[in-house]
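In what follows, a single structure is set out as structure tokens and then discussed.
The values are calculated or read from the model by the stated rules, or taken from the named source; none is laboratory data. Everything numeric in this text was worked out from a predicted model, so none of it was measured. Cβ coordinates were reconstructed from backbone atoms using ideal geometry, including for glycine residues, and neighbour counts include every protein chain displayed. Only protein heavy atoms, including side chains, enter the accessible area calculation; ligands, DNA and RNA are left aside. Shrake-Rupley method; radii C 1.70, N 1.55, O 1.52, S 1.80 Å.
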Amino acid sequence: MNLNVSGEKYMIFEINHNVTKDSRPYIRVILTDKDGKRHNGIMFDSNKLDFTPEKGDIVSVEAVVQNYNGQIQLKISNMEKLGEESRLDFLPKTQFNIQDMFDELKEIMDKNVKEQPLRKLVKLFFGDSKTIKLFKYMPAAKNVHHAYVGGLLEHTLSVAKLAEKMCGYYKEYVNPDLLMVGALFHDIGKIFELNAEKGFDYTDSGKLVGHLLLGIELINNYIAQVEDFPENYKYIIDHMIASHHGLLEFGSPKKPKTTEAIILHHIDDMDAKVNTFNSIFEKEEVQEGWSSYDRLLERQLYRHS
């Protein structure tokens, strides 16, 4: 039995325009509601709308909820563009308190980073209000993992916690100060790579340069402000950022070549993968049993009690 949706407010999070075989225009959309939940939608004969729908528009929707190829979607009959409302209300958000996470991250860094040049570097970062504002707000990715407001901070905090544990376990092999700094800064370039004003998308600099190089540039600007910063530390930190994707085919210009870099790569990847699994289960409302086939992961996922 189909359910009707009438007058519900959504933001157009993603939109694709296309035509049917008989040349009728249609659109596929991902809509987000005020809880940040995503809904797939399709509208045929979209040329009958009195506006051209674009990503970031807040709209009122008339639709029927239907099951299509095992997936729930909205078959939209009409949309009306609404006046300016806060898009932030419609963006997916972290389930955790952003200020609490930020305070915990600062505390972890203060506890674990002892060497004065590195402490000064960390202090410059936390004292940069413009950068911190973006850092608290930004997702960690356009999609896949931690793709929600506050996701970058949440992911960074998780990696920092894991790094803290690794420092204790591998204390004979790692410089703990450097590993913690790498955990803090490994994804910092994403504040310039991503734009979260109308949904999540890549900036021009993100497409042209990417967050690895953007992050190195930002950190090197901070390092230049620290008197007598050890040159070898600069290159070790740059290397951790540059290599944390692990493989050339995953975007890293260098493979990890230090103990700190290989640890950082694996804890970063692990946190991203665990979040991806949980996001798929939540999106598909899988309480127990199998998810649908995920093309990116090339597998179904199994959730058990």
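Each residue in the range 258-305 was checked for being polar (S, T, N, Q) and under 15 Å from residue 144 (Cβ atoms), and 5 of them qualify. Here residue 226 clears all of (1) out of contact with any Gly (no Cβ under 8 Å at 6 or more places or on another chain); (2) open to solvent by less than 40 Å² (accessible area, probe 1.4 Å); (3) outside any loop (DSSP other than H, G, I, E, B) except the condition numbered (3). In the range 141-207, counting only helices (runs of 4 or more DSSP H) that sit wholly within it, the ones holding 3 or more residues that are open to solvent by less than 10 Å² (accessible area, probe 1.4 Å) span 151-169, 176-185.
Restricting the range 9-30 to residues that are closer than 11 Å to residue 76 by Cβ and touching a Ser or Thr at 6+ places or on another chain (Cβ under 7 Å), the residue that is least open to solvent (accessible area, probe 1.4 Å) is 27. On inspection, residue 198 fails the criterion of being closer than 22 Å to residue 248 by Cβ, among the basic types (Lys, Arg), within 17 Å of the chain's Cα centre (by Cα) and outside the structural domain of residue 31 (by the TED database).
Would you mind stating whether residue 175 is assigned by the TED database to the domain that holds residue 100 and without any contact (Cβ under 8 Å) to a residue 60 or more places away in the chain? Judged against the criteria, residue 175 is not a match.
From the list 103, 22, 45, the one residue that fits, being free of Cβ contacts under 8 Å to residues at least 24 places away in the same chain and assigned by the TED database to the domain that holds residue 158, is 103.
Residues of the range 229-241 being in contact with a helix residue (DSSP H, G or I) (Cβ under 7 Å, 6 or more places away or on another chain), open to solvent by 10 Å² or more (accessible area, probe 1.4 Å) and part of a helix (DSSP H, G or I), which ones? Within the range 229-241, 233, 234, 236, 238, 239 qualify. Kindly provide the set of residues from the range 242-252 that are of a type outside the set (Phe, Trp, Tyr) and either open to solvent by less than 70 Å² (accessible area, probe 1.4 Å) or closer than 18 Å to residue 155 by Cβ (or both), ordered by number. Those that are of a type outside the set (Phe, Trp, Tyr) and either open to solvent by less than 70 Å² (accessible area, probe 1.4 Å) or closer than 18 Å to residue 155 by Cβ (or both): 242, 243, 244, 245, 246, 247, 251, 252.
Residue 22 satisfies every condition listed in (1) in a loop (DSSP other than H, G, I, E, B); (2) closer than 25 Å to residue 86 by Cβ except (2). Of all positions in the range 240-260, at least one carries a residue that is free of Cβ contacts under 8 Å to residues at least 24 places away in the same chain and acidic (Asp, Glu).
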